[in-house]
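Enquirer: I have a structure here, written as structure tokens, and I will follow up with some questions on it.
The values are calculated or read from the model by the stated rules, or taken from the named source; none is laboratory data. For clarity, every value in this text was computed on a predicted model and none was experimentally measured. Here Cβ is always computed from backbone atoms with ideal geometry, including for glycine, and neighbour counts include all displayed protein chains. Heads up: the accessible areas ignore ligands, DNA and RNA and are worked out on the full protein's heavy atoms, side chains in. Shrake-Rupley method; radii C 1.70, N 1.55, O 1.52, S 1.80 Å.
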Amino acid sequence: MDEQHKTKGPASYFPAIEQRYGQPVSHWLALLAGRDEKQHMALVAWLKTEHGLGHGHANALVAHYLAQG
């Protein structure tokens with residue numbers, strides 16, 4: 001992949017998240033959508049404690065989810 005088309009930002013973590021946790025990104029985004037909480041760090045903490053995600057992966061998912069509005 002050339003530099004012009006290289007994925008950047010939170011989405012750059014998605015292939016590793018899918019490989020490590022065995023679920024598509026859509027699974028994690030659906031879980032986040034089901035939460036009443038909308039504070040970034042609270043959602044990161046929830047993914048880490050309830051689902052065993054690492055901090056960087058949880059942070060990337062939450063950042064992407066919240067950026068979607």
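Enquirer: Tell me which of these K6 doesn't satisfy, since it passes every other one: (1) on the phi < 0 side of the Ramachandran plot; (2) open to solvent by 40 Å² or more (accessible area, probe 1.4 Å); (3) modelled with pLDDT of 95 or more.
Expert: With respect to (1) on the phi < 0 side of the Ramachandran plot; (2) open to solvent by 40 Å² or more (accessible area, probe 1.4 Å); (3) modelled with pLDDT of 95 or more, K6 is out only on (3).
Enquirer: Failed condition for L47, given (1) aliphatic (A, V, I, L, M); (2) open to solvent by 40 Å² or more (accessible area, probe 1.4 Å); (3) free of Cβ contacts under 8 Å to residues at least 40 places away in the same chain, with all others met?
Expert: All conditions are met except number (2).
Enquirer: A11: under 9 Å from the mean Cα position of the chain (by Cα), in contact (Cβ under 8 Å) with a residue 40 or more places away in the chain and surrounded by 11 or more Cβ atoms within 10 Å (Cβ to Cβ), yes or no?
Expert: Answer is yes for this residue.
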